[in-house]
């Protein structure tokens, strides 16, 4: 039960990782590259996504530990 928050976050991040792998390794051409303005949006949203995943797993881990006591 202790690793459940981290498994949940990994399951939520898996589609993003699969999409990035397919986008960079399988699809060839200019349509796979982001424009200059799009790159800032993707990086900022990716940063917020990682922050949200980290906060979610930390909160769930603390909540599970508190309810177990």
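Brief remarks follow.
- Simple spin-label estimate for residue 8 and residue 58 gives 1.6 nm between the two label positions (7 Å along the Cα-to-Cβ direction from each Cα).
- Fully extending the segment from residue 28 to residue 45, taken as 0.36 nm per residue of separation minus the present Cα-Cα distance, adds 3.7 nm.
A short reminder: the numbers here are calculations on the coordinates, not readings from a lab. For clarity, every value in this text was computed on a predicted model and none was experimentally measured. FYI the Cβ positions are ideal-geometry reconstructions off the backbone, even for glycines, and counts take in every protein chain you see.
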